[in-house]
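Chemist: Have a look at this one before I ask anything.
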Amino acid sequence: MKKQILVAGGTGYIGSHTTVELQNNGFEVIIADNLSNSKIEVLDGIEAITGIRPIFEKVDLSVIEETEAFFKKYSKVQAIIHFAANKAVGESVAKPLMYYRNNLNSLMNILEAMKEHKIPNLVFSSSCTVYGQPDKLPVTESTPRKEAESPYGNTKSISEDIIRDTVKAHPELKGIALRYFNPIGAHPSSKIGELPLGVPNNLIPFITQTVAGIRPELSVFGDDYSTPDGSCIRDYINVVDLAKAHVVAIERLLKNKNDSNYEYFNVGTGQGISVLEIIEGFERSTGKKVPHKIVARRPGDVEQIYADTSFANKTLGWKSESSLDDTLLSAWKWQENLK
Ligand code: UFG
């Protein structure tokens, strides 16, 4: 019988790609999502790629009654991957209570259900935002966390602590937090990808919408940073590679190969890429010009961050495989497919 995995937030950007990889690896996926930032049609894309339509329940896991009812029905899942959270940095500054309530309540409700129904395994979506602007690059898992730059970032830091403390008190539970760097790109089939609502905050969807003529031009936020070309540096990880990291994390937990009840890993490429290099790479891989202008720095942006991924490479046997150009091309093909 197939092992059942609950993917909370499974119709979202990373959740949908992870569902595909789980199904391709023989797992049965149950998606729980409140569709607040995703569309039910994503299930069609997942089915078109894998031939399997995942089980879907519309549920808000930040509401305890809904969570309890959901887990009564699906108490036999062997593991949970928790993506269901709000993720817009700027919005979190404007609506901190919404972010704390949603992101923390959903995690605590899930952990309560894990205790109650004896579901031992959790993989959690964390972020490199927990490192702030690190003093030393690249960041390893022992790089100290810094005070979060935003309520969103703080929910990731607090969530990590909640998981760490809960599995310590309840040793029958185990958790892995994956600290994502900047996920980009789309499935090579162009059947699933990122679906930002309204004006995108993130670089790649803004670029693809600009090239598609939806936005007049990209604003590059600052070219006066202490980096080789003056623009900010990030570690851009292909979303399918990132999805695969979740499958290996789940397998590690299911096979009891974890070294402790709570582990956390950087999931990036190890390459620091500047905003201007992204523009060049996009133009190179797609043959399309990206209209852009340099504007002032965006408040809250860290100057540079990229991962040391050797711990994930060695311990999970996982590494990023896609080239930047292929990833940028996949983002463009997805955008074209939306027409
Ligand atoms: N950028 C632009 N113009 C834009 C959008 C972005 O120049 O229109 C630049 C930003 O200044 C930054 C880079 O592109 O240098 C990447 O910006 P994103 O908004 O795509 O991503 P961030 O690095 O700001 O944010 C990401 C995740 C967050 C996470 C954060 C942690 O989206 O969830 O990394 O560093 F919290």
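Every number here is computed from the coordinates shown, using simple stated rules; none is lab data. These numbers come from a predicted model, not from an experiment. Quick reminder, even Gly has a Cβ in these numbers, built from the backbone with ideal geometry, and neighbours come from all protein chains shown.
Chemist: Kindly write out, for region 175-183 in residue order, the coupling ³J(HN,Hα) from the Karplus curve 6.51 cos²θ - 1.76 cosθ + 1.60 (θ = phi - 60°), rounded to whole Hz, with x marking Gly and Pro.
Modeler: Values per residue, Gly and Pro as x: x, 10, 9, 9, 8, 6, 8, 9, x Hz.
Chemist: So which residue, out of Lys319, Lys289, Lys156, gets the largest mean-square fluctuation from a GNM of the chain using Cα contacts under 10 Å as springs?
Modeler: Largest GNM mean-square fluctuation: Lys289.
Chemist: For region 139-271, what does the relative contact order come out to in percent, with C-alpha contacts under 8 Å and a separation of six or more?
Modeler: 36 percent
Chemist: What order do you get for Phe27, Phe181, Phe83 when you list them from fewest to most C-beta neighbours inside 10 Å?
Modeler: Starting with the residue having the fewest Cβ neighbours, the order is Phe27, Phe83, Phe181.
Chemist: Evaluate 2.2 N^0.38 Å with N set to the residue count of region 171-275, then give the Cα radius of gyration divided by it.
Modeler: 1.36
Chemist: Return the long-range amide H neighbours of Leu218 (sequence gap of 5 or more, or a different chain), with a cut-off of under 5 Å between placed amide H atoms.
Modeler: Sorted by chain and number, the residues that satisfy this are His292, Lys293.
Chemist: Charges on Cβ only, +1 for Lys and Arg, -1 for Asp and Glu, centred on the Cα centroid of region 296-339; of Leu328, Ser310, Gly300, which one is farthest towards the dipole's positive end?
Modeler: The listed residue farthest towards the positive side: Gly300.
Chemist: Two decimals, Cα atoms only, Kirkwood Rh: what is Rg/Rh over region 78-136?
Modeler: Here Rg/Rh amounts to 1.06.
Chemist: To make sure I understand the rule: partners must be aspartates and glutamates, Cα under 14 Å from the Cα of Lys333, and not fewer than 8 residues away in the same chain. Which ones qualify?
Modeler: Glu194, Glu283, Asp325
Chemist: Sort Met98, Met1, Met114 so the one with the fewest other Cβ atoms within 10 Å of its own Cβ comes first.
Modeler: Met1, Met98, Met114
Chemist: Which value results when the Cα radius of gyration for region 1-111 is divided by 2.2 N^0.38 Å?
Modeler: The reported ratio for this selection is 1.06.
Chemist: So what's the projected area for region 82-194, the Cα convex hull averaged over all directions, in nm²?
Modeler: The Cα convex hull of region 82-194, projected and averaged over all directions, gives 8.7 nm².
Chemist: Which pairs in the list Lys118/Lys255; Lys72/Lys95; Lys191/Lys244; Lys115/Lys257; Lys289/Lys319; Lys255/Lys319 are over 23 Å apart, alpha-carbon to alpha-carbon?
Modeler: Lys72/Lys95; Lys289/Lys319, as the Cα separations exceed 23 Å there.
Chemist: To continue, here is another question. Starting from the eigenvalues of the Cα gyration tensor, five times each then square-rooted, give me the equivalent ellipsoid semi-axes of the chain, largest first, whole Å.
Modeler: 31, 23, 19
Chemist: Turning to a different aspect of this structure: For Tyr262, list long-range residues whose amide hydrogen, built 1.01 Å from N in the peptide plane, is under 5 Å from its own amide hydrogen.
Modeler: Those qualifying (amide H under 5 Å, at least 5 residues apart or on another chain) are Gly175.
Chemist: Seen from all sides and averaged, what is the projected area of the convex hull of the Cα atoms in region 147-207, in nm²?
Modeler: 6.6 nm²
Chemist: If you place +1 on the Cβ of every Lys and Arg, -1 on the Cβ of every Asp and Glu, and leave all else neutral, what size is the dipole of the chain about its Cα centre, to the nearest 20 Debye?
Modeler: Dipole size: approximately 600 debye.
Chemist: Same structure, new question: In square nanometres and to one decimal, what's the mean projected area of the convex hull around the Cα atoms of region 248-328?
Modeler: Averaged projected hull area, Cα only: 7.5 nm².
Chemist: Taking amide H positions as placed in the peptide plane 1.01 Å from N, state which residues far from Gln271 in sequence (5 or more) or on other chains have amide H under 5 Å from it.
Modeler: Hits under the 5 Å cutoff: Ala307.
Chemist: So in the chain, what percent of DSSP beta bridges are antiparallel if you round to the nearest 5?
Modeler: Here the share of antiparallel DSSP bridges comes out near 5 percent.
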